[in-house]
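Every read-out reported here was derived from the displayed coordinates using simple, explicitly stated rules and does not represent laboratory data. If you're wondering where the values come from, they're calculated on a predicted model, not measured in any experiment. Neighbour counts run over all protein chains shown; Cβ positions are idealised from the backbone, glycine included.
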Amino acid sequence: MKKLYFLASLLIATFSFGQAFTGTYDFASVTQTSGATDPTAVPTATGVTFGSFSAVNGTTAPTNSSGAGRFSFANQPVGATNANDATFTGAIDLGIYYQVTLTPQANYTIDLTQITFAMRRSGTGVRHYAVRSSLDGYASNLPASINPANSNLSTDANNVFFWTLDATATSADQLGSTITLPATFTGLSTPVTFRFYAWDAEAAGGNFSIDNVVVTGNTNNLSVSQNEISGLQVYSNNNLLFVTSDSSSDKNVVVYDMLGKVVVNETVSSQPINVANLSSGAYIVKVTEEGKTATKKLVIQ
């Protein structure tokens, strides 16, 4: 049975998905003497504050990036052998990572949808890497894929990225590392931190390099008032969506997916709506009754 959990925030009455944003970290001001925090000006967008990337290593304190114009540090966890593409003995070290924090601004929530980035390694650098977040205390890897396809990179069932061949040239970025953020990243009203981990370097001097990290999503303004539908309730049971209010008048119910596609459009008074065909994910429900409109954001899990 699908369960619908409403996010507490209301959207504006004139239907909107909020303001889309794309924040790009290009590390343009990083040098080999700029330290462990990216000095580059952070991205900006209405409704969200972007923090700066920093490198953390609980074993050997990071000093400077190994290259300019990218975020690249040595002393990553070892566990690989030169010219061996099959045997690895290392593991993720939760004390060694790059991190960045995004913070919703006052009267806003944020919906985060995707992170993409370029990856590079030195000749003795890391072979595996993954991304986690503070939402679950950095307990699990976020959904990973390679898009567009890149034969030099792959992922496994545990959402771990893999640099497939040690012989691949390390002089250029490899593109395609993609994190698709699940519905739990919808309607965030508190800061969220992402950590980039890497391991299975071939030597202590091997590095892990990231560049052009792009975070995409939407911001939602909570301070804009909307017409109130008295007693409006929306809930589900056994794949049925119920929309009720203090009035017995007809209600037009439109459900949109996060791409703006209408997936349900029905007019009801008290009868439930079948939503068994909706897949897990985030949706927007717009309810219109007697000239008043309310919008709710929901997640189907």
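With just the Cα atoms defining each centre, how far is segment 237-274 from segment 153-190? Give it in Å. The two parts, judged by their Cα centres, are 37 Å apart.
Under a Gaussian network description of the chain, with springs only between Cα atoms under 10 Å, the residue in 72, 54, 134 that fluctuates furthest is 134. What does the charge add up to near residue 140, with Lys and Arg as +1, Asp and Glu as -1, over the other residues with Cβ less than 13 Å from its Cβ? Local charge sum for residue 140: +1.
Each Lys or Arg adds one and each Asp or Glu takes one away; over the other residues whose Cβ falls under 11 Å from the Cβ of residue 166, this sums to -1. Summarise the long-distance tail of P(r) for the chain by giving the % of C-alpha pairs beyond 26 Å. Here the tail beyond 26 Å accounts for 51 percent of pairs.
What the phi angles of segment 23-31 give under the Karplus curve with 6.51, -1.76 and 1.60, with θ = phi - 60°, is a coupling list of x, 10, 9, 9, 6, 4, 9, 6, 10 Hz, glycine and proline written as x. Couplings for segment 179-188, taken from phi via the Karplus curve 6.51 cos²θ - 1.76 cosθ + 1.60 with θ = phi - 60°, read 10, 9, 7, x, 5, 5, 9, 9, x, 6 Hz in order; Gly and Pro are left as x. Rg over Rh for segment 117-207 works out to 1.00, both radii taken from alpha-carbon positions and Rh defined as the Kirkwood radius.
Pairs of Cα atoms nearer than 8 Å and 6+ residues apart set the relative contact order; for segment 225-300 it is 31 percent. Ratio of Rg to Rh for segment 225-300: 0.93 [Cα atoms; Kirkwood radius as inverse mean 1/r over pairs]. Among 250, 200, 111, the residue with the largest mean-square fluctuation in a Gaussian network model of the chain, with springs joining Cα atoms closer than 10 Å, is 250. Here the peptides 112-125, 162-175 are ranked by packing, the mean other Cβ count within 10 Å, and the order with the highest first is 112-125, 162-175. Amide H to amide H, with H built 1.01 Å from N, residue 232 comes under 5 Å of 246, counting only residues 5 or more places away or on other chains. Each Lys or Arg adds one and each Asp or Glu takes one away; over the other residues whose Cβ falls under 12 Å from the Cβ of residue 117, this sums to -1.
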